[in-house]
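The values are calculated or read from the model by the stated rules, or taken from the named source; none is laboratory data. Keep in mind that this is a model prediction, so the values were computed, not measured. Neighbour counts are summed over all protein chains in view; Cβ atoms, including those assigned to glycine, are modelled from backbone coordinates with ideal geometry. We work out accessible area using only protein heavy atoms, side chains counted, and drop any ligands, DNA or RNA first. Shrake-Rupley method; radii C 1.70, N 1.55, O 1.52, S 1.80 Å.
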Amino acid sequence: MKYNFLEIEKKWQKYWRDNKTFKVGISKKPKFYVLDMFPYPSGAGLHVGHPLGYIASDIVSRYKRHKGFNVLHPQGYDSFGLPAEQYAIKTGQHPKKTTQENIEMYRIQLDRIGFSFDWSREIRTSDPEYYKWTQWIFIKMFNSYYCHIDNKAKEINELIKSFEKNGDKQYKDYLDNLGYSFSRNEWKNFNEKIKSDILMDFRLAYITEGEVNWCEELGTVLANDEIVNGVSERGGYPVSKKRVKHWCLRISKYSDRLLEDLNKIDWPEPLKEMQRNWIGKSKGVSLTFEVENSKNKIEVFTTRPDTIFGVSFLTVAPEYSDLNEIINADNRVSIENYIKKVSIKSERDRLADVKIMSGVFSGSYAIHPFSGKKIPIWISDYVLGSYGTGAVMGVPAGDQRDFEFAKKFNLEIPNIFEKINITESAFSDKTGFKLINSEFLDGYDFNSALNKIITKIEENKIGKSKIQYKLRDAIFSRQRYWGEPIPIYYKNDLPVHIDEKYLPLRLPKVDNFLPTKNGDSPLGNSEKWAWDEKNKKVTTNNKIDNQSIFPIELNTMPGWAGSSWYFYRYMDPNNHKNIISEKSQSYWSDVDMYFGGSEHATGHLLYSRFYQKFLFDLGILNRDEYAKKLINQGMILGNSAFIYRKKGTSEYLSKNLIDKVKVEKIRIDIKYLIGENEVDIDLLKYDDKDFNKSVFHFDNGKFQCIRELEKMSKSKFNVVNPDEICDYYGADTLRMYEMFLGPIEQSKPWDTRGISGVHSFLKKFWNLFFTEGKLNIVEDEPSSESLKSLHKTIKKVTEDIEKLSLNTCISSFMICINELSSLKCNNINILSPLIILISPFAPHFAEELWFQIGNKKSIIDEAYPMYDNKYLIESDKNYPVSFNGKTKFTISLSLDLNVEDIKKAVLSNEKTILILNNKKPKKVIVVHGKIINIVV
RNA sequence: GCUCGAGUGGUGGAAUUGGUAGACACGUUGGACUUAAAAUCCAAUGAGCAGUAAUGUUCGUGCGGGUUCAAGUCCCGCCUCGAGUACCA
């Protein structure tokens, strides 16, 4: 019988489907939860890079199942959000339709690779039965606030009770900062609007007006993590600042817990580091400067209060809230011009202008809190409105930006560091200096100055120690169609949430779902988008009377709303009453292994931890972290091909001609390649009419291109489709080859040439069972060599799977099968455990062989073989004998010999005598069972 | 600039607590089978030098030092590449 993988794979995929082999439920067995980041169905289909993580997680799942665990290994689709919608827009179809089609295509592709997903638990974030709960969580956030006393989220009702009982007492500092102060009676007498406004400053989901990242091309607002290098992550479109009303999640309240709890989880260190940087905790002091001839004060945040006597100016951001109070009437016009100029700068321009300082003098002065000197107040966009207080103290001697600013505008640069030259640049080290010109801090170093000044500042009540975070609240509104509607309506302009009972608030039908350039949401195009408060249902817009029928929020939620909690829904996907049952949660608990890319470090992986902590605070979830262990699989890189064109012409040059002229790189589809890096010009000409007019320059009669490794992507024309590999070699070969490429967490190039080695390994394994097409196996006592080979392999493969070193597992399999082939082993007692051993890697292959040797049931629940040390014990060791550390020969000695006997044996060996040539060794080192080293 | 990670044959990559560097595979070369090709099997394969050969010998894990009987692995100083981040005061 031949290894007919196409037939075998089809047969077992059908068997698994018919027998619901991968369906799991709560049982007495211990649980193990293996999770993949679910895909967004993009329309381009899968390429060979996508399944890498899925294959690894599938191997672990199947392995754990053999080990006796009840394995939860679900899959679903992140089907709301920008990528799905962009694809729909590009192809001119409704996103509902394209999403459905893309999911179907994904499913076919995924099934071909033989994954053991329990599809009965499939979820889709765009399914109303799912997003009902995404909306439910939003309402919980809307109805919660962060209690700074207990350091956790609580229901907003408790806050209201506190206001009713104690007025602003418990939250005095916080309310002070917001400019509120009230007694309990005053609270009771506040009108609805004021109450709503005050509570809005506490809610974890809140609406606010402010500057956001606006992407005109996408027609929506973006969160910070959705912008890369000043352009949108999706599509690479420019992003600018815009003032709009939008919903936010108060994730910043969780900064410290998100940071601290990183210590609790086994996630890759680089990824944790990214989250730490993103959260960006820094310790410093906030410090108040009086403004001359004014009641106004300016609060700055600094991590270097020790440099206070180096202050020669203050700078505030153009967005600074009290800017108007500071502006001196004389300068008003030029200042307003400056602010206008700055605000229309795109994010990308700002990044490009980093080194060019700009700013304008406000016309006002502050008073130095210690020296009493007059300090000019400047306005500049090198200060960020959204970080700290939006104002900084300028210390040109100690900060490079302040230094450059001072130089540019001819401001004073007082030196406060003894014997340090600051004529060229600022000195920003925290060590190696003593302060001068600093009154009571003269002669102090960093640490002692810091202690002294903080005490002084607090004594004088002009500031206090403060911890500052970079993490900002997450912008939650998207002016797009394809997302979860926000379950809020506006009663007399005040936001009110739709009662949980009436969820889901379904996405309305609209004729035009395209995003608008002006920032209006496409949901506004719906005729039926008003809330009937009496009848508790959605109704048509023209009935809005602001008595009982009110407009509904037009923005939708961002893509990450649905993906921040999906792993819990898999535990109990069809629960209509609750987000998850207590029973399911206490059994499945949390994720044991989570596989996904590190590109989600500061997006999904941070938001989901925040959601987790929030739901934990409310007692809805039992744990405050959801994934014990995270594995970042690397990317598979594709081989992109380029040809060179003489700049501004349609003349194409080969690579040996490119040095002489200016050229531009033109990307071409790898399907035009013939051989290593030769291009089929006829194909090129045929495909792109531009090439017709072209002049080609040849190398040795052949047109050459150059190749570069890049992330695989349809837009780079370098994708390899897994279906092709499945057609040609089979899914089992694809699975094994992807693992064989290298360590799972590493990025590595795809090279189809190497695949034949894995494929012939499977054939070799297969051929051990058959002679001349017929099953030929024996059942007698196996030879000791074959037993040794088997047990060595069981040991190594088991250890390596536990370490997730899957590439070396495959090497071990190859070594074993090579050994058994030369032993001509066809003993069932050896081969049968090997089939189980390989089944997580090549499941169809294993099922078929398992069936061929006479088993009636699927191999999936067979107990994983155990190794027995007795087959592995060696009696001899082939010792390497080295002279001064250089190995010269090996000598086989019994492991029973003690060190002295070994020394004797080695020194009396004729090769030793020959090499020593009558010299006396200075020292002989014997490490038992390892090595012998003779020092001459 | 800052933070993190990585540099091993022609290629992807192996190498336990420091203990025979290059496992396994690709590629290449030679051979067997075949009318031929594919497939399969066998052998060689880090580089250099000497030898018909068995073999011997030198150099080799980015570079320069160091610790050690012994360093890809540990320490110090550099270089290069990759990822993340970017006016965060």
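Yes/no matrix, rows are residues, columns are (1) open to solvent by less than 10 Å² (accessible area, probe 1.4 Å); (2) touching a helix residue (DSSP H, G or I) at 6+ places or on another chain (Cβ under 8 Å); (3) modelled with pLDDT under 95; (4) of a type in the set (A, V, I, L, M, F, W, C):
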position: A:Trp136; (1), (2), (3), (4): no, yes, no, yes
position: A:Met141; (1), (2), (3), (4): yes, yes, no, yes
position: A:Tyr145; (1), (2), (3), (4): yes, yes, no, no
position: A:Asn177; (1), (2), (3), (4): no, no, yes, no
For the subset of the stretch A:237-254 comprising residues that are more than 16 Å from RNA strand B (Cβ to nearest atom) and open to solvent by 40 Å² or more (accessible area, probe 1.4 Å), which member is farthest from A:Thr556 (Cα to Cα)? A:Lys253
Of all the strands (runs of 3 or more DSSP E) wholly in the stretch A:195-260, which have at least 3 residues that are on the phi < 0 side of the Ramachandran plot and touching a helix residue (DSSP H, G or I) at 6+ places or on another chain (Cβ under 9 Å)? A:205-215, A:240-249
When A:Pro369 is run through (1) in a loop (DSSP other than H, G, I, E, B); (2) open to solvent by 50 Å² or more (accessible area, probe 1.4 Å), the failure sits at (2)
Counting only residues that are assigned to a loop (DSSP other than H, G, I, E, B) and among the aliphatic types (A, V, I, L, M), which one in the stretch A:106-152 is farthest from the chain's Cα centre (by Cα)? A:Ile149
Within the stretch A:276-311, the count of residues that are within 24 Å of A:Ile327 (Cα to Cα), near RNA strand B (Cβ under 9 Å from one of its atoms) and among the polar types (S, T, N, Q) comes to 1
Could you please let me know if A:His759 is without any contact (Cβ under 8 Å) to a residue 40 or more places away in the chain and within 45 Å of the chain's Cα centre (by Cα)? yes
Of the residues in the stretch A:9-23, those that are surrounded by 21 or more Cβ atoms within 10 Å (Cβ to Cβ) and not aromatic (Phe, Trp, Tyr) number 1
Restricting to the stretch A:409-439, and then to whatever is basic (Lys, Arg) and either in contact with a His (Cβ under 7 Å, 6 or more places away or on another chain) or more than 20 Å from A:Val300 (Cβ to Cβ) (or both), can you tell me which residue is least open to solvent (accessible area, probe 1.4 Å)? A:Lys434
Might you check whether a residue that is assigned to a strand (DSSP E or B), under 29 Å from the mean Cα position of the chain (by Cα) and charged (D, E, K, R) occurs anywhere in the stretch A:277-294? yes
Take the residues in the stretch A:527-567 that are under 35 Å from the mean Cα position of the chain (by Cα) and assigned to a loop (DSSP other than H, G, I, E, B), then tell me which one is farthest from A:Thr220 (Cα to Cα). A:Trp565
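One line per residue, one yes/no per condition, for (1) modelled with pLDDT under 85; (2) under 30 Å from A:Pro833 (Cβ atoms); (3) within 12 Å of RNA strand B (Cβ to nearest atom):
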position	(1), (2), (3)
A:Tyr867	no, yes, no
A:Ala905	no, no, no
A:Lys922	yes, no, yes
A:Ile931	no, no, yes
Restricting attention to the stretch A:601-633, which residues are in contact (Cβ under 8 Å) with a residue 40 or more places away in the chain, touching a strand residue (DSSP E or B) at 6+ places or on another chain (Cβ under 9 Å) and open to solvent by 10 Å² or more (accessible area, probe 1.4 Å)? A:His604, A:Tyr607, A:Asp617, A:Leu618, A:Lys628, A:Lys629, A:Ile631, A:Asn632, A:Gln633
All conditions in (1) open to solvent by less than 10 Å² (accessible area, probe 1.4 Å); (2) at positive phi; (3) away from RNA strand B (no atom under 11 Å from the Cβ) are true of A:Ala397 except (2)
What do you reckon, is A:Phe403 open to solvent by less than 30 Å² (accessible area, probe 1.4 Å) and either out of contact with any Lys or Arg (no Cβ under 6 Å at 6 or more places or on another chain) or not β-branched (Val, Ile, Thr) (or both)? yes
Could you check the stretch A:878-888 and list, in sequence order, the residues that are more than 6 Å from RNA strand B (Cβ to nearest atom), open to solvent by 60 Å² or more (accessible area, probe 1.4 Å) and within 50 Å of the chain's Cα centre (by Cα)? A:Lys886
Cβ-Cβ under 6 Å pairs, at least 6 apart or on other chains, the stretch A:259-271 side closer than 18 Å to A:Gln746 by Cα, far side part of a helix (DSSP H, G or I) and open to solvent by 30 Å² or more (accessible area, probe 1.4 Å): A:Leu271/A:Ser598
Starting from residues that are of a type in the set (Gly, Ala, Ser) and within 22 Å of the chain's Cα centre (by Cα), keep the ones in the stretch A:206-236 and report whichever is farthest from RNA strand B (Cβ to nearest atom). A:Gly235
Listed by first then second residue, the pairs whose first member lies in the stretch A:448-472 and is modelled with pLDDT under 90 and open to solvent by less than 40 Å² (accessible area, probe 1.4 Å), whose partner is within 12 Å of RNA strand B (Cβ to nearest atom) and not in a helix (DSSP H, G or I), with beta carbons under 6 Å and at least 6 positions apart or on separate chains, are none
Test of understanding: among A:His66, A:His73, which residue is within 30 Å of A:Leu837 (Cα to Cα), over 24 Å from the mean Cα position of the chain (by Cα) and modelled with pLDDT of 95 or more? A:His66
Look through the stretch A:492-516, keep the residues that are among the charged types (D, E, K, R), at pLDDT 90 or above and more than 33 Å from the chain's Cα centre (by Cα), and return whichever of them is nearest to A:Glu533 (Cα to Cα). A:Asp499
Name the helices (runs of 4 or more DSSP H) wholly inside the stretch A:712-820 in which the number of residues that are charged (D, E, K, R) and away from RNA strand B (no atom under 14 Å from the Cβ) is 3 or more. A:722-728
